[in-house]
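Here's the structure, in structure tokens; my notes come after.
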Amino acid sequence: MLGLDPDPGMLWPATDEPAPGISVEGSPAERAASAVLTHCKALIDATAEACVAVKLQLACFERLGAPGWRALEEVAAHARARDLLVIADGKRGDIAVSATAYAQALMSGIETPFGAVAGLSADLVTVNPLMGKDAIEPFVMAAREHGAGVLVLVRTSNPGAADVEDLRLADGRAVWEGVAGIVDELGKPGVGEAGIGDVGAVVGATEPKHLARARELMPNATLLLPGVGAQGGRVEDLAPAFAAGRAGGLVTASRSIANAHQATGGEPATAARAEAERLRAVTWELG
């Protein structure tokens with residue numbers, strides 16, 4: 001899976017041409033958004049045949065203001081046109097009205113007295129569970145109404161994850177194991193014929209020692225596996241995630257694909273395609 005977290009200062013050399021629909025004669029935000037859009041579309045076109053989804057790091061678009069959100073919408077539409085699932089990675093987390101509003105923005109949209117307002121129509125969204133189960137439930141409800149899914153942060157890929165996620169609860173479980181139990185509970189009603197539910201989990205590839213336990217606690221969850229490549233995770237270590245079948249794991253790589261040309265010295269699109277194909281081949285063997 002292709003992760004997109006574009007840095008306006010580190011775009012492919014081939015992205016000098018203006019992107020349709022965004023002016024290059026306007027503000028710095030508009031010019032940056034235009035370049036980001038062109039870069040992301042080129043990356044998608046280069047790797048689409050080797051990927052099942054794109055993961056859009058929302059912060060990298062939102063920091064460009066309104067032009068960045070327009071670019072985000074265009075990138076999502078382009079990914080769908082290439083038959084890819086769209087994952088909105090914003091790690092949202094709130095309760096009641098706010099959680100519902102986040103879910104509408106990223107998935108279903110909202111009906112207003114002035115007409116319908118479309119959301120991003122993401123297929124999956126990442127959710128922060130720190131505030132508890134009632135901070136996840138509005139996302140799950142909205143996802144089911146929209147035919148989408150939710151990916152809950154369970155055991156993340158960053159080194160600081162141990163500061164909180166590995167703390168012990170009163171019953172002896174780690175915090176992340178308690179969250180995994182919530183994921184399993186919320187996901188049971190959404191398990192389909194293939195045995196995969198619509199509530200999944202983010203489990204970092206940088207700590208593969210947790211994967212077997214995560215799969216034990218969440219037998220029906222799709223596991224999003226970030227941290228491959230630049231963060232040091234290896235696809236070869238992720239086999240337990242695929243115990244539920246090939247749909248049980250989504251391996252995501254961002255910089256290792258986008259910047260593959262820096263190591264090879266080749267043309268960016270060719271290098272990105274080769275790295276995506278390599279990751280797909282290794283993942284296919286695991287499943």
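The values are calculated or read from the model by the stated rules, or taken from the named source; none is laboratory data. Predicted, not measured: the structure shown is a model, and the values here were computed from it. Neighbour counts run over all protein chains shown; Cβ positions are idealised from the backbone, glycine included.
Just a few scattered comments:
- Failed condition for Gly200, given (1) at pLDDT 90 or above; (2) of a type in the set (Gly, Ala, Ser); (3) surrounded by fewer than 23 Cβ atoms within 10 Å (Cβ to Cβ): (3)
- Filter pass, Glu185 being of a type outside the set (Lys, Arg), at pLDDT 95 or above and surrounded by fewer than 19 Cβ atoms within 10 Å (Cβ to Cβ): yes
- Filtering the stretch 83-118 to residues that are under 17 Å from the mean Cα position of the chain (by Cα) and in a loop (DSSP other than H, G, I, E, B) leaves Asp83, Leu84, Gly93.
So that you can scan it fast, the table gives a plain yes or no per residue for (1) touching a residue at least 40 places away in the same chain (Cβ under 8 Å); (2) over 22 Å from the mean Cα position of the chain (by Cα); (3) at positive phi:
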site: Val150; (1), (2), (3): yes, no, no
site: Leu153; (1), (2), (3): yes, no, no
site: Thr156; (1), (2), (3): yes, no, no
site: Gly160; (1), (2), (3): no, no, no
site: Leu169; (1), (2), (3): no, yes, no
site: Ala174; (1), (2), (3): no, yes, no
site: Glu177; (1), (2), (3): yes, no, no
site: Ile182; (1), (2), (3): yes, no, no
site: Leu186; (1), (2), (3): yes, no, no
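- Residues of the stretch 133-148 that are part of a loop (DSSP other than H, G, I, E, B) and within 12 Å of Leu186 (Cα to Cα): Ile136 alone.
- Among the residues of the stretch 104-118, those identified as among the small types (Gly, Ala, Ser) and either surrounded by fewer than 19 Cβ atoms within 10 Å (Cβ to Cβ) or modelled with pLDDT under 95 (or both) are Ser108, Gly109, Gly115, Ala116, Ala118.
- Residue, surrounded by the fewest Cβ atoms within 10 Å (Cβ to Cβ), within the stretch 237-287, restricted to residues that are acidic (Asp, Glu) and under 20 Å from Leu224 (Cβ atoms): Glu285
- Only a single criterion out of (1) surrounded by fewer than 22 Cβ atoms within 10 Å (Cβ to Cβ); (2) of a type in the set (D, E, K, R); (3) under 27 Å from Ile136 (Cα atoms) is not satisfied by Lys55, namely (1).
- Being in a helix (DSSP H, G or I) and either surrounded by 18 or more Cβ atoms within 10 Å (Cβ to Cβ) or touching a Pro at 6+ places or on another chain (Cβ under 7 Å) (or both) is a description that applies to Glu177.
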